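The values are calculated or read from the model by the stated rules, or taken from the named source; none is laboratory data. No experiment lies behind these values; they were computed from the predicted model shown. As a convention, Cβ positions derive from the backbone with ideal geometry for all residues, glycine included, and neighbour counts pool all protein chains shown.
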Amino acid sequence: MSQHTLYDDVWERHRVRTLPSGQDQLFVGLHLVHEVTSPQAFGMLEERGLEVARPDLTHATADHIVPTDDRSRPYGDDAAESMMSELERNVGDSAIAFDHPDTGRQGIVHVVGPEQGLTQPGMTVVCGDSHTATHGAFGALAFGIGTSQIRDVLATQTIAMEKKRVRRIEVTGELDEGVTAKDVILTIIRELGTDGGVGYVYEYGGPVVEAMDMEGRMTVCNMSIEGGARAGYVNPDETTDAWLRETDAFRDDPERFEELREYWESIRSGPDAEYDDVVTIDGSAIEPAVTWGTTPGQSVGVTDPVPDPDSLPEGQRDVARRAQAHTGVTPGESMQGYPVDVAFLGSCTNARLADLRDAARVVRGRAVHGDVRALVVPGSQRVAANAEAEGLDDVFRDAGFEWRAPGCSMCLGMNDDQLVGDEVCASSSNRNFVGRQGSKEGRTLLMSPRMVAAAAVTGEVTDVRELSLVGTDTDDPAEVTR
Amino acid sequence: MSSDAADGETETTATDPVEHVSGTGIAVRGDDIDTDQILPARFLKVLTFEGLGEFAFFDQRFEEVETDHGTEEVETDHPFNDPEHRRASVLVVNSNFGCGSSREHAPQALQRWGIDAVVGESFAEIFAGNCLALGVPTVTMDGEAIEALQSFVEANPDADVAVDVAAETVAYDGRRVEADVDDTQHHALVNGQWDTTAQLAAVPERIAETANSLPYLDAS
Ligand code: SF4
């Protein structure tokens, strides 16, 4: 078993006891709640006459079902309205902090936690959502849980969990121009498989990860679950500190910040850390990635040929054949030139300010292709406000993108933002499963925000390195308020 | 409920033990069947889990075809549409079943459809955990054994498949095959401790102690 890693240390500090089943009872430092997976848990609590144990450590937002266009109440969709009202009632009854759309803080749960400084290194974070691993970017242990476990956490602020093994994923070298964090994680999943991480948590490190900004680290950790890992994290460092210093949690309390920084440093995986497995990925060889199939593991570098199913390991052939029948790609050819109907810039993987800035560099001075419906759905109201302050909304609007209100939107199509028929979507989200974006014939191509922008303006899958970029990612940023 | 049970001590049984599950079988073939396939997102717009059973595998079970009268939803040949398998309670699947979204709605839908145990080559972890919270075992066997069992249940929709969680075997067709039940799951099911809330709530002092020891919680 691993030793002296951040995972081991933080786990041990939160361990209340070992249960008779062999699982550990872990204390939960932050419980994030959204409207889709919580109502049944609150219901079970009520049935059992239990109360929320630590409303002070619980934080709610609404993201999955909120409309991204007309947000006047009641919502046009009755089911969405009833879920929103139920959340309002549940958090009101229990005095849980809630990023209601009226607060200006609403957004996707994995965007709002980090941007408000709720997510901190050395914490345990849980949420009834599989992309909770995102928060691991800060050196937190962050787990997605089911509704029955949400009930456990609401009732006791603890959870029963098994300790996993730790795999260190070392990304060496330096990323090429045009290659982003999204391409790194898509490449990792392609190489290790969608079930390669089962039984593990992933510790991401090495020069490429160390050089990433927090947004990039969140993108990488976000998709840990797509690689089968229960969680993923990055050891906290100066980049982490710099982000946290500017959040609500610490902006006005530098003393508290310094105090906690000692703790954050103490939990890093040390030089004596032992891992159950170490995998090295050559970062310099990573290409802008795009998926050709119906699992996030089915991707290729944009200039590489789509694999022939017969050339894959036997266990993957059938799945690959079915996937290619669904997407209609041609083995042996690259994905370049594959026509796109929709461009979706959004989701908890890639809808933060840095992502929007990055995509804007491609979009500036260009126009969305006539056959493409393109939308930007910022990850939160704060992301939207910051982007608007530096004029990114106009860059996108002028090019022909729709600029929407924050939410999960077309990532999973629980509101009106859905694919129609067999539309092809260039998407900055994390899942290309059949039916994921609201139409079971719909086809999702996962790629980086930059590549989505490139596809939007050319109308087809395009190697973004062939387009000149306008402005730098540090150009004219207005002061950012998190 | 004991107030402060020591590590390893057996506590109040909160739920019924699940030692055996038997019934007829149903096979759903394919690797990487994700929870979006088991229960598409549009069926998550609900405040309770009631009635989700009829939507299990919905998008695989129906397709639109063009007819003389326009498009019509017709049933596919998905096993969940087959009347011969309608009463099945043991679901047999392949590898990485239940990957993707953490929605507990997926196992809830399967259970409400009638599934009491799932046997497969491997399961996504959150899915297996969600099944456990409902008292539904996720039992694993190697790929060949799974294929054999799938072929058997397809050919014999009325035959009994007996999953012995305690002994970690699956019996059918006069045979008894070795299977694997994860240790935690085994303990929780056999001892009827798969509903964890009462167990977790049993040690309030120790929870408070742990909370007080965390640097980020003091003085805030
Ligand atoms: S953006 Fe997509 S993946 Fe992220 S929380 Fe929302 S639905 Fe889930």
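Look at region B:39-56 and say how many of its residues are more than 11 Å from chain A (Cβ to nearest Cβ) and surrounded by 20 or more Cβ atoms within 10 Å (Cβ to Cβ).
So in region B:39-56, the residues more than 11 Å from chain A (Cβ to nearest Cβ) come out as B:51, B:53-56.
If we keep only those that are surrounded by 20 or more Cβ atoms within 10 Å (Cβ to Cβ) as well, we get B:55-56.
So the answer is 2.
From the residues in region B:193-212 that are of a type outside the set (D, E, K, R) and more than 7 Å from chain A (Cβ to nearest Cβ), which one is surrounded by the most Cβ atoms within 10 Å (Cβ to Cβ)?
Here is the first cut: in region B:193-212, the ones of a type outside the set (D, E, K, R) are B:193-194, B:196-204, B:207-208, B:210-212.
In the following step, the residues that additionally are more than 7 Å from chain A (Cβ to nearest Cβ) were identified as B:194, B:198, B:202, B:204, B:208, B:212.
Values: B:194: 27, B:198: 19, B:202: 22, B:204: 13, B:208: 13, B:212: 9.
Checked region B:193-212; the qualifying residue surrounded by the most Cβ atoms within 10 Å (Cβ to Cβ) is B:194.
From the list A:122, A:197, A:178, A:205, exactly one residue is closer than 27 Å to residue A:354 by Cα and crowded, with 24+ Cβ neighbours inside 10 Å. Which is it? Before the answer, list the steps.
Values: A:197 fails: closer than 27 Å to residue A:354 by Cα; A:178 fails: crowded, with 24+ Cβ neighbours inside 10 Å; A:205 fails: crowded, with 24+ Cβ neighbours inside 10 Å.
Result: A:122 is the single residue among A:122, A:197, A:178, A:205 that is closer than 27 Å to residue A:354 by Cα and crowded, with 24+ Cβ neighbours inside 10 Å.
Exactly one of (1) over 16 Å from the mean Cα position of the chain (by Cα); (2) modelled with pLDDT under 95 is unmet by residue A:130. Its number?
All conditions pass for residue A:130, except number (1).
Residues being within 14 Å of the ligand (Cβ to nearest atom) and either within 14 Å of residue B:133 (Cα to Cα) or in a helix (DSSP H, G or I) (or both): count how many of those fall in region A:138-147.
1
Here is a list: A:210, A:274, A:262, A:255. Which entry is in contact (Cβ under 8 Å) with a residue 60 or more places away in the chain and of a type in the set (D, E, K, R)?
On the way: A:210 fails: in contact (Cβ under 8 Å) with a residue 60 or more places away in the chain; A:262 fails: in contact (Cβ under 8 Å) with a residue 60 or more places away in the chain; A:255 fails: in contact (Cβ under 8 Å) with a residue 60 or more places away in the chain.
Of the residues listed, the single one that is in contact (Cβ under 8 Å) with a residue 60 or more places away in the chain and of a type in the set (D, E, K, R) is A:274.
Any residue in region A:67-79 that is surrounded by fewer than 17 Cβ atoms within 10 Å (Cβ to Cβ), of a type in the set (Gly, Ala, Ser), over 28 Å from the mean Cα position of the chain (by Cα) and part of a loop (DSSP other than H, G, I, E, B)?
Checked region A:67-79: no residue is surrounded by fewer than 17 Cβ atoms within 10 Å (Cβ to Cβ), of a type in the set (Gly, Ala, Ser), over 28 Å from the mean Cα position of the chain (by Cα) and part of a loop (DSSP other than H, G, I, E, B).
Quick check on my filter: what residues within region B:147-174 are in contact with a Leu (Cβ under 9 Å, 6 or more places away or on another chain) and either in a strand (DSSP E or B) or at pLDDT below 95 (or both)?
Matches in region B:147-174: B:161, B:170, B:172.
Here is a list: A:150, A:159, A:169. Which entry is in a strand (DSSP E or B), under 23 Å from residue B:199 (Cα atoms) and in contact (Cβ under 8 Å) with a residue 40 or more places away in the chain?
Details: A:150 fails: in a strand (DSSP E or B); A:169 fails: under 23 Å from residue B:199 (Cα atoms).
Within the list A:150, A:159, A:169, the selection yields A:159.
Has region B:174-183 got at least one residue that is among the hydrophobic types (A, V, I, L, M, F, W, C), in contact with an Asp or Glu (Cβ under 7 Å, 6 or more places away or on another chain) and away from the ligand (no atom under 16 Å from the Cβ)? If you could, list the steps in order and put the result at the bottom.
Filtering region B:174-183 down to residues among the hydrophobic types (A, V, I, L, M, F, W, C) leaves B:177, B:179, B:181.
Add one more test, that the residue is in contact with an Asp or Glu (Cβ under 7 Å, 6 or more places away or on another chain), and what stays is B:179, B:181.
From the residues that got through so far, the ones that are away from the ligand (no atom under 16 Å from the Cβ) too are B:179, B:181.
The answer is yes, given that some residue of region B:174-183 is among the hydrophobic types (A, V, I, L, M, F, W, C), in contact with an Asp or Glu (Cβ under 7 Å, 6 or more places away or on another chain) and away from the ligand (no atom under 16 Å from the Cβ).
Residues that are away from the ligand (no atom under 16 Å from the Cβ) and not charged (D, E, K, R), at least 3 per element: which strands (runs of 3 or more DSSP E) completely within region A:15-63 meet that?
Details: elements: A:15-18, A:24-27, A:30-33, A:58-61.
Output list reads A:24-27.
Taking the conditions exactly as written (touching a residue at least 12 places away in the same chain (Cβ under 8 Å) and assigned by TED's automatic domain parsing to the domain that holds residue A:427), does residue A:312 satisfy them or not? Reasoning before the result, please.
Working: touching a residue at least 12 places away in the same chain (Cβ under 8 Å): no; assigned by TED's automatic domain parsing to the domain that holds residue A:427: yes.
Criteria not met by residue A:312.
Does residue B:138 meet the test of being surrounded by fewer than 24 Cβ atoms within 10 Å (Cβ to Cβ), within 14 Å of chain A (Cβ to nearest Cβ) and in contact with a strand residue (DSSP E or B) (Cβ under 7 Å, 6 or more places away or on another chain)?
Working: surrounded by fewer than 24 Cβ atoms within 10 Å (Cβ to Cβ): no; within 14 Å of chain A (Cβ to nearest Cβ): yes; in contact with a strand residue (DSSP E or B) (Cβ under 7 Å, 6 or more places away or on another chain): yes.
Answer is no for this residue.
Here is a list: A:190, A:165. Which entry is among the basic types (Lys, Arg) and over 15 Å from residue A:230 (Cβ atoms)? Lay out the reasoning, then the answer.
Working: A:165 fails: over 15 Å from residue A:230 (Cβ atoms).
It is A:190.
Report whether or not residue B:88 is within 12 Å of chain A (Cβ to nearest Cβ) and at pLDDT 95 or above. Before you say what the answer is, go through the steps one by one.
Numbers: within 12 Å of chain A (Cβ to nearest Cβ): no; at pLDDT 95 or above: yes.
Answer is no for this residue.
Please go through region A:312-326 and give me each residue that is acidic (Asp, Glu) and over 14 Å from residue B:33 (Cβ atoms), ordered by number.
As a first pass, look at region A:312-326 and keep what is acidic (Asp, Glu): A:314, A:318.
Scanning region A:312-326 gives a single hit, A:314.
Output yes when any residue across region B:193-210 is without any contact (Cβ under 8 Å) to a residue 60 or more places away in the chain, out of contact with any Leu (no Cβ under 7 Å at 6 or more places or on another chain) and not in a helix (DSSP H, G or I), and no when none is.
There is no residue in region B:193-210 that is without any contact (Cβ under 8 Å) to a residue 60 or more places away in the chain, out of contact with any Leu (no Cβ under 7 Å at 6 or more places or on another chain) and not in a helix (DSSP H, G or I).
Sort out which residues of region A:254-276 are more than 15 Å from residue A:6 (Cα to Cα) and surrounded by 14 or more Cβ atoms within 10 Å (Cβ to Cβ), and write them in order of number. Even if it seems obvious, please write down each step before you answer.
Residues of region A:254-276 more than 15 Å from residue A:6 (Cα to Cα): A:254-260.
Residues satisfying the conditions are A:256, A:257, A:259, A:260.
Could you count how many residues in region A:53-86 are more than 13 Å from chain B (Cβ to nearest Cβ), among the hydroxyl-bearing types (Ser, Thr, Tyr) and within 20 Å of residue A:406 (Cβ to Cβ)?
So the answer is 3.
Filter region A:106-143 for residues that are within 30 Å of residue A:259 (Cβ to Cβ), small (Gly, Ala, Ser) and either within 12 Å of chain B (Cβ to nearest Cβ) or touching a Pro at 6+ places or on another chain (Cβ under 8 Å) (or both) and give the result.
Scanning region A:106-143 gives A:107, A:117, A:122, A:133, A:137, A:139, A:140.
If you scan region A:437-448, which residues turn out to be surrounded by fewer than 24 Cβ atoms within 10 Å (Cβ to Cβ) and within 14 Å of the ligand (Cβ to nearest atom)?
A:438
From B:177, B:190, which residue is at pLDDT 95 or above and either within 12 Å of another protein chain (Cβ to nearest Cβ) or within 15 Å of the chain's Cα centre (by Cα) (or both)? Quick ask: steps written out before the conclusion?
Working: B:177 fails: either within 12 Å of another protein chain (Cβ to nearest Cβ) or within 15 Å of the chain's Cα centre (by Cα) (or both).
Exactly one residue qualifies, and that residue is B:190.
Select from region A:114-132 the residues that are part of a helix (DSSP H, G or I) and away from the ligand (no atom under 11 Å from the Cβ) and list them in ascending order. Walk me through how you get there before you give the answer.
Of the residues in region A:114-132, the ones part of a helix (DSSP H, G or I) are A:114-116, A:130-132.
A:114, A:115, A:116 - these are the residues of region A:114-132 that are part of a helix (DSSP H, G or I) and away from the ligand (no atom under 11 Å from the Cβ).
Could you list all residues from region A:28-52 that are in contact (Cβ under 8 Å) with a residue 60 or more places away in the chain, facing chain B (nearest Cβ under 9 Å) and either within 23 Å of the chain's Cα centre (by Cα) or at positive phi (or both)?
A:29, A:36, A:37
Restricting to region A:87-105, and then to whatever is within 14 Å of chain B (Cβ to nearest Cβ) and away from the ligand (no atom under 16 Å from the Cβ), can you tell me which residue is surrounded by the most Cβ atoms within 10 Å (Cβ to Cβ)?
Start the filter on region A:87-105 by keeping residues that are within 14 Å of chain B (Cβ to nearest Cβ), which leaves A:87-90, A:97.
Retained after the next criterion (residues that are away from the ligand (no atom under 16 Å from the Cβ)): A:88-90, A:97.
On the way: A:88: 15, A:89: 12, A:90: 23, A:97: 18.
So the residue we want is A:90.
Within region A:151-178, how many residues are at the interface with chain B (Cβ under 8 Å from one of its Cβ atoms), touching a strand residue (DSSP E or B) at 6+ places or on another chain (Cβ under 8 Å) and modelled with pLDDT of 95 or more? Can you show your working first?
Quick first cut of region A:151-178, residues at the interface with chain B (Cβ under 8 Å from one of its Cβ atoms) only: A:151-152, A:155-160, A:162.
Then drop every residue that is not touching a strand residue (DSSP E or B) at 6+ places or on another chain (Cβ under 8 Å), which leaves A:152, A:157-160, A:162.
Still in the running and modelled with pLDDT of 95 or more: A:152, A:157-160.
Counting residues in region A:151-178 that are at the interface with chain B (Cβ under 8 Å from one of its Cβ atoms), touching a strand residue (DSSP E or B) at 6+ places or on another chain (Cβ under 8 Å) and modelled with pLDDT of 95 or more gives 5.
Cβ contacts < 7 Å: first residue over 17 Å from residue A:324 (Cα atoms), restricted to region A:282-303; second residue among the basic types (Lys, Arg) and in a loop (DSSP other than H, G, I, E, B), any location; separation 6+ or different chain. Result?
none
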